[in-house]
1. Helix-only estimate, please: 222 nm mean residue ellipticity of the chain, summing -39500 (n - 2.57) across DSSP H runs of length 4 or more and dividing by its residues, to the nearest 500.
2. Using a 7 Å offset from the Cα along the Cα-to-Cβ direction at both residue 153 and residue 133, what is the distance between the two label points in nm, to one decimal?
3. Computed over the Cα atoms of segment 435-518, what is the convex hull's projected area averaged over all directions, in nm²?
4. Where in segment 246-294 are there GluC sites (Glu not before Pro) that are in a DSSP coil and have at most 14 other Cβ atoms within 10 angstrom of their Cβ?
5. Sorted from largest to smallest, which semi-axis lengths in Å does the alpha carbon gyration tensor of the chain give for its equivalent ellipsoid, taking the root of 5 times each eigenvalue?
6. Nearest 10 degrees, 0 to 90: what angle lies between the long axis of helix 248-262 and the longest principal axis of the chain (Cα atoms)?
7. If R₀ is 51 angstrom, what is the calculated FRET efficiency for the pair residue 339 and residue 81, using the beta carbon separation as r and rounding to 0.05?
8. Once Rh is set to the Kirkwood radius over Cα pairs, what Stokes-Einstein translational diffusion coefficient, in µm²/s, holds for segment 7-145 at a temperature of 10 °C and a viscosity of 1.306 mPa s?
Amino acid sequence: MYRTHTCGELRLANVGQTVTLAGWVQRTRKMGGMTFVDMRDRYGITQIVFEAPPAGGLQGTGLQGAANALGREYVIQVTGTVNERSNKNANLPTGDIEIIASELRVLNASVTPPFTIEDQSDGGDDLRMKYRYLDLRRTPVRRNLELRHKMTMEVRRYLDSLGFLEIETPMLIGSTPEGARDFVVPSRMNPGQFYALPQSPQTLKQLLMVSGMDRYFQIVKCFRDEDLRADRQPEFTQIDCEMSFVQQEDIIQTFEGMAKHLFRELRGVELEGAFPRMTWDDAMKYYGSDKPDTRFEMKFVELKDVFAKAPGFSVFDEAKYIGGICAKGQAVYTRKQIDQLTDFVKRPQIGAKGMVYARVLDDGTVKSSVDKFYSQEVLQELKDAMGAEAGDLILILSGDDDMKTRKQLCELRLEMGQRMGLRDKNKFSLLWVIDFPMFEWSEEEGRLMATHHPFTHPKDEDIPLLDTNPAAVRADAYDMVCNGVEVGGGSIRIHDPELQDKMFRILGFTEERAQEQFGFLMNAFKYGAPPHGGLAYGLDRWVSLFAGLDSIRDCIAFPKNNSGRDVMLDAPARLEQKQLDELCLETKTPPNMPNKLH
């Protein structure tokens, strides 16, 4: 063995022992006649001391000279005696001891790394992603992966205790273009035909329910060729689950229990009582989002009726929707800060045309940016409608599309919550969003599309509306939201072949197309499909929330960048012509893209 102990293991109880450690050189310091080396491995850091030889003696001269020649990230092996430190370091678990070295062996030298391997590195995101194997040596990133490991272990322990079976499903499947875009894989043995990488194991886990597997789970890689955000990667990991002979309430209870288990075991947080539930309609009405951040209030108030009493301001007179939020205690905002907020909501990615504000002064009067259009009487009605008090700031957006304006107001609310310190990463607010719309209209497709997927069961009481008003149908679907992040979602599935046929027809599938894409599932249903439903948690999102990260990238060992590229492996890349010929493929370069090999 190269070591008897790890660099995070030794304590005062080990003083006097002869030990051998192996790891990387974090840093070296020369002080008087001694050289100090901080030695690091996955488990921690231990201080190594190389002492100068006795006066007139030669013993140890070569040892200290070798220590002085060590560079950052050299891989070394050290043997020595554990000694109590005179200047203890309370910030290190090993800070009470040091090793007085008697032997040093360089196992491998290192060139100078491109950034510092420290908790606070000087490397930017792209540089750290290019040298991700070095970035993973940093303590914060390592801890994220340790947390991820512990989470998967606790998930398995919890689900195993409830009788779930972990079953693997294939990675090479058929394409289902009804959802997000697929990543496709050409088949050499079947020229001109393609596999797809699964966006989720949806139909496969439903087949497992038909097979009588009853309770299934899988910690599974999924793939979606879609635009990226901080909480998205082209490949991601789901905790994918399905259950038979259940209704929505059974699934909510089971996976609310899992969330509580994870918080208790990994964060030491006891979540009491049932999670609140909010309908999709209320989430959009009061928060402008189907994943509301409920760590703070600041709900939307609709103001169309208030301003309709005194027409004259054309922006409000012509608006279809007028909504406001009340920022408690923020009437002290300067004009410069107000202008910054106005610029924020006018950003192209938000798209508001402007913002109206009103301050409630200490004497209760209201001072507004639209004073010349409204009397103090109307502004007092505004104050009452908003539930505002002296010292509060009211912010108002309007527009001709109520859903679009609510989403803009949502961004403003989140920005104010951030500025006011209300989005504490160590505070957790969980809820279920339920009763989603079954369908949504696609302008691009010119038809109704499934809000979740075509296998979602409509609410029983809404089934008659499928024939008369499908746009009004609600789904037996549910999302779990934590701190404004959708951490999981699912639905009760359709198990009746006739209802599934009707769903396909509403979605514009011909009988031939439905049979071509999903015939395997429809045929399986004919052999006795049980009532079933499920849920998938986003493992990457759970870990990032528990670790207090703004992005999921730092809880994934080898993530892609914001363009979906692996800058370390330089992927995706072009294939050699020989490979293209074997696959019977030809490629073409878009007009605006350079013709290069990556």
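1. -8000 deg cm²/dmol
2. About 2.7 nm separates the two model spin labels.
3. Numbers: hull surface 25.3 nm².
Averaging across all directions leaves 6.3 nm² for the Cα convex hull.
4. Values: sites: 249, 256, 265, 270, 272; in loops: 270, 272.
Listed in order of number, the matching sites are 270, 272.
5. They are 51, 37, 25 Å, listed largest first.
6. Rounded to the nearest ten degrees, it is 20.
7. 0.20
8. D = 101 µm²/s.
The values are calculated or read from the model by the stated rules, or taken from the named source; none is laboratory data. None of these values were measured; they are calculated from a predicted model. Note that each Cβ is placed from the backbone with ideal geometry, even for glycine, and that neighbours are counted across all protein chains shown. Ligands, DNA and RNA are stripped out before the accessible areas are found, and what is left, the full protein with its side chains, is counted by its heavy atoms. Shrake-Rupley method; radii C 1.70, N 1.55, O 1.52, S 1.80 Å.
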